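One structure below.
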Amino acid sequence: MTHGKSITFDNVSKSYGSRKVLQEFDLHMRPGELVCLLGPSGCGKSTVLRSLAGFESISEGDIRIGDVSVIHEPPRSRGVGMVFQQYSLFPNMSAVANVMFGLGIQHVPLHERRTRAMHMLEMVGLAEFAHQFPDCLSGGQQQRVALARALVLNPDVLLLDEPLSALDAKIRLQLRSEIRSLQRASGLTTVFVTHDQEEALAIADRIAIMNEGRIEQIGTPEELYASPATPFVAQFVGHSNQIEARVEANGTVKVCGTPLPLLNPLPAGSAVRVFIRPEHVALQLDADGAARVREVSFLGPFERTTIQYGGLQLVSQHASGMRYVPNDRVDVRIRPVPVLAQHIDPQSSEPAQ
């Protein structure tokens, strides 16, 4: 059952003096949806979250939770639960007391506070640690307490500000899965801020790629990866080979002899830079191959092999069982999937304005 409410940012701007950190920012989230805000440091992700929570005022525009504008509401009246990067637990309180704290501010009777807090600790797998103090808990356990503290207030919206970045890789994988399961079970509308693209791809219903205070593109993880709308998205989400070419008369570009259809058709003869995913570069050992292996990186279940093909340097990503070594001769084939093209000035090799 969906418990959360819709979220709408309508033409929101936020300035600090002369510096605009949000510029005509628009976003609509459906009830129960989990949207990740993904982008480089300083792009405005956390400002979006803090503005929604009520910790930052906006300069222009409107923010609505459900059908109600909240820009003049204090944080406690917005129906929002927030989990920060730093756990921000009270060190002199037990786990259960930390979870109960917000309920006390809401004047919930003591017996109900304890019952709800214990139920929430059980949901996050920490019932047996209820009476432990934060310094006796691991980082992952402390973040679970922080999550329980936000969820126990029964919010309409859950905000997560890089909640896993301080954890080691194994715990991060486990906890992001738990957060996703809890979010689905509760139906809470959730905004998850991260700079980790793998995390966003794994957890989100939709991802909003942010750049300089605006959304470059929003879509499902599959849409963003397979059909990036801008060069920024193509470079920021996943890895891409960037190859300069010319648009053929039939509207394709030819790379390593393979015609590639374009996601964004451009006039024949245009000088372009195309973005090709490494997994679309297929290699095969061939003593007479036109390419030579330069470098191989082993990455567990897959490898990245860098090759030289004439004047081009390409990276191929493939299963680890396909072993290549430097100086191997290989044949190269580009899989004919649609690619994004960026028009460039042929004189300068810079993107055309």
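The values are calculated or read from the model by the stated rules, or taken from the named source; none is laboratory data. This one's a predicted model, so the numbers in the text were calculated from it and none came from an experiment. Neighbour counts are summed over all protein chains in view; Cβ atoms, including those assigned to glycine, are modelled from backbone coordinates with ideal geometry. Note: areas computed on protein heavy atoms with side chains; ligands, DNA, RNA excluded. Shrake-Rupley method; radii C 1.70, N 1.55, O 1.52, S 1.80 Å.
Miscellaneous remarks
- Filter result for ASN11 (on the phi > 0 side of the Ramachandran plot, polar (S, T, N, Q) and either exposed (fewer than 13 other Cβ atoms within 10 Å of the Cβ) or over 21 Å from the mean Cα position of the chain (by Cα) (or both)): yes
- Taken over segment 205-225, the criterion of being open to solvent by less than 10 Å² (accessible area, probe 1.4 Å) and among the β-branched types (Val, Ile, Thr) is satisfied by ILE207, ILE209.
- Those residues of segment 13-39 which are part of a strand (DSSP E or B) and without any contact (Cβ under 8 Å) to a residue 12 or more places away in the chain, in sequence order: TYR16, ARG19
- When the strands (runs of 3 or more DSSP E) confined to segment 280-332 are screened for residues that are under 26 Å from ALA226 (Cβ atoms) and aromatic (Phe, Trp, Tyr), those reaching at least 2 such residues are found at 302-309.
- Candidate set: segment 40-61, residues that are part of a helix (DSSP H, G or I) and among the β-branched types (Val, Ile, Thr); chosen: the one most open to solvent (accessible area, probe 1.4 Å): THR47
- Comparison of SER6, SER88, SER18, SER51 shows that the only residue that is more than 18 Å from the chain's Cα centre (by Cα) and at positive phi is SER88.
- Restricted to segment 318-338, and to residues there that are over 16 Å from LEU260 (Cβ atoms), under 32 Å from the mean Cα position of the chain (by Cα) and open to solvent by 50 Å² or more (accessible area, probe 1.4 Å), the residue that is modelled with the highest pLDDT is ALA319.
- Residue in segment 25-34 that is more than 17 Å from ILE207 (Cβ to Cβ) and surrounded by 13 or more Cβ atoms within 10 Å (Cβ to Cβ) present: yes
- In segment 62-93, the residues that are of a type in the set (Gly, Ala, Ser) and open to solvent by 60 Å² or more (accessible area, probe 1.4 Å): SER77, SER88
- Residue that is surrounded by the most Cβ atoms within 10 Å (Cβ to Cβ), among those in segment 246-278 that are without any contact (Cβ under 8 Å) to a residue 40 or more places away in the chain and not in a loop (DSSP other than H, G, I, E, B): PRO278
- Selection status of ALA282, in the same structural domain as LEU38 (by the TED database), surrounded by fewer than 20 Cβ atoms within 10 Å (Cβ to Cβ) and closer than 28 Å to SER297 by Cβ: no
- Looking across LEU188, LEU153, LEU167, LEU173, one residue alone is touching a helix residue (DSSP H, G or I) at 6+ places or on another chain (Cβ under 7 Å) and modelled with pLDDT of 85 or more. It is LEU153.
- Residues (under 20 Å from LEU188 (Cβ atoms) and either in a strand (DSSP E or B) or of a type outside the set (A, V, I, L, M) (or both)) located in segment 1-12: THR2, HIS3, GLY4, LYS5, SER6, ILE7, THR8, PHE9
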